1. Restricting attention to segment 174-198, which residues are modelled with pLDDT of 95 or more and of a type in the set (Phe, Trp, Tyr)?
2. Would you kindly identify the strands (runs of 3 or more DSSP E) lying entirely within segment 99-193 that contain at least 1 residues that are among the hydroxyl-bearing types (Ser, Thr, Tyr) and touching a Gly at 6+ places or on another chain (Cβ under 6 Å)?
3. Among the candidates His76, His50, single out the residue that is out of contact with any Pro (no Cβ under 8 Å at 6 or more places or on another chain) and modelled with pLDDT under 95.
4. Of the conditions (1) over 21 Å from Asp134 (Cβ atoms); (2) charged (D, E, K, R); (3) in contact (Cβ under 8 Å) with a residue 60 or more places away in the chain, Glu73 clears all except one; give me its number.
5. Looking only at segment 125-154, which residues are among the acidic types (Asp, Glu) and over 17 Å from Ser15 (Cβ atoms)?
6. Just to verify a result, which residue in segment 89-114, among those that are more than 26 Å from Arg57 (Cα to Cα) and hydrophobic (A, V, I, L, M, F, W, C), is modelled with the highest pLDDT?
7. Of all residues in segment 88-120 being of a type in the set (Val, Ile, Thr) and surrounded by fewer than 16 Cβ atoms within 10 Å (Cβ to Cβ), which is farthest from Glu133 (Cα to Cα)?
8. Out of (1) crowded, with 19+ Cβ neighbours inside 10 Å; (2) more than 18 Å from His183 (Cα to Cα); (3) touching a residue at least 40 places away in the same chain (Cβ under 8 Å), what's the single condition that is false for Leu85?
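The values are calculated or read from the model by the stated rules, or taken from the named source; none is laboratory data. Just so you know, these numbers come straight off a predicted model, no measurement behind them. A quick note on method: Cβ atoms are made from the backbone with ideal geometry, for glycine too, and the neighbour counts reach across all protein chains shown.
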Amino acid sequence: MNQRSDFYVVGIGLSAGGISALTDLLSNLPQSPGAAFVVISHLPKEAKSHLDKVVARATSLQVSWGKTGQRLEPNHCYLLPAGMLMTVHQGKLHVEPRPNDHVINRTIDIFFSSLAQQFEQRSIGIILSGTGEDGLKGVYAIEEHGGIVMVQKPESATFDGMPFSIVAKDHPDFILTPVEMSHALNMFLKVKKGGWQPSSLKTASR
């Protein structure tokens, strides 16, 4: 499997305050949306996270922590383990420890960039609540490779740093609340084989 796969991969980046936005988004998707989802969250390196249980309660997707060699499949949700970096190559995840000298967390940029290179126009990048600018370079890469970008409305985010940086410095396809985002995403996935263009849903993004 590579960028010519017949399903989309949705990368979701979030940091502080993003868990509730994530669960709002996932809980409003249909039972089988037909895409693979990869959640990149800024978890503390030594954290004992229960994010997998939180996400599993919010969605019918099969939820698991990402592992090296794991092949992306539709209707699955893969989570970045705490203290790790994750990329995708030839349709499979690669997970490795985040170096100690990485003072600024760029896990979203790193994953989104690999997603864009591998899945090109079948990559979708979503930025939810969080601080800082992680994700900005990643969404540039997704756009350059023909994918689409969705950003949480800054005013609806608990922490608007990450969403605001995308809105201020980029031109995302959609600026939506998490619930609106799930509906737009579902509509897109339903008509993905029918020549869908981002402009067809632009009125929902403002």
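1. Within segment 174-198, Phe174 is the sole residue that qualifies.
2. Details: elements: 123-127, 148-152, 174-176.
Qualifying strands (runs of 3 or more DSSP E): 123-127.
3. On the way: His76 fails: modelled with pLDDT under 95.
When all the criteria are applied, what remains is His50.
4. It is condition (3) that Glu73 fails.
5. Residues of segment 125-154 among the acidic types (Asp, Glu): 133-134, 143-144.
Result: Glu143, Glu144.
6. The residue in question is Ile110.
7. Going through segment 88-120, the residues of a type in the set (Val, Ile, Thr) turn out to be 88, 95, 103-104, 107-108, 110.
Keeping just the survivors that are surrounded by fewer than 16 Cβ atoms within 10 Å (Cβ to Cβ) gives 103-104.
On the way: Val103: 14, Ile104: 10 Å.
Restricting to residues being of a type in the set (Val, Ile, Thr) and surrounded by fewer than 16 Cβ atoms within 10 Å (Cβ to Cβ), the top hit is Val103.
8. It fails just one condition, (3).
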